[in-house]
């Protein structure tokens, strides 16, 4: 079953965030992941949308998404994101129906 890494981020330093943004796709791909949503424009149709930037990554499994997050390769670039943004990140199991 697919696993997802979902992040709600507010970029506080766009110039510094670019270093992270340039480095992370190769690491995501190494773990079989791909972007489903990468900060596109959101239009609220109900309630208040308070997420400045939404990122959704799909991996072959929740375990694989955790391996990505915990990997040495990702942990080496994670400080770039933490220094340039604030927000929340979660790993979510997919729905099998």
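None of the figures in this text is laboratory data; all of them are computed from the coordinates on show. This structure is a prediction, so every number in the text was calculated from the model and none was measured. Cβ atoms come from the backbone with ideal geometry, glycine included; neighbour counts cover every protein chain shown.
Between rounded, prolate and oblate, where does region 1-41 land on the alpha carbon gyration tensor, with a ≥ b ≥ c its root eigenvalues, rounded for a/c under 1.5, else prolate if a/b exceeds b/c?
oblate
Given the -39500 (n - 2.57) contribution per DSSP H run of 4+ residues, what per-residue ellipticity at 222 nm results for the chain, rounded to the nearest 500 deg cm²/dmol?
Result for the chain: -12500 deg cm²/dmol, rounded to the nearest 500.
List the relative contact order of the chain as a percent without decimals, with contacts defined as Cα pairs under 8 Å and 6+ residues apart.
Once normalised by length, the contact order is 53 percent.
Assuming a ≥ b ≥ c are the square roots of the Cα gyration tensor eigenvalues, decide whether the chain counts as rounded (a/c under 1.5), prolate (otherwise, with a/b larger than b/c) or oblate.
Oblate shape, in that a/c is at least 1.5 and b/c is the bigger or equal ratio.
Give the peptides 64-71, 49-56 in descending order of average Cβ contacts within 10 Å, highest first.
Going from most to least packed, we get 64-71, 49-56.
Tell me, in nm to one decimal, what length is gained between residue 34 and residue 6 on full extension, where the rule is 0.36 nm per residue of separation less the Cα-Cα distance?
Length gained, residue 34 through residue 6: 8.9 nm.
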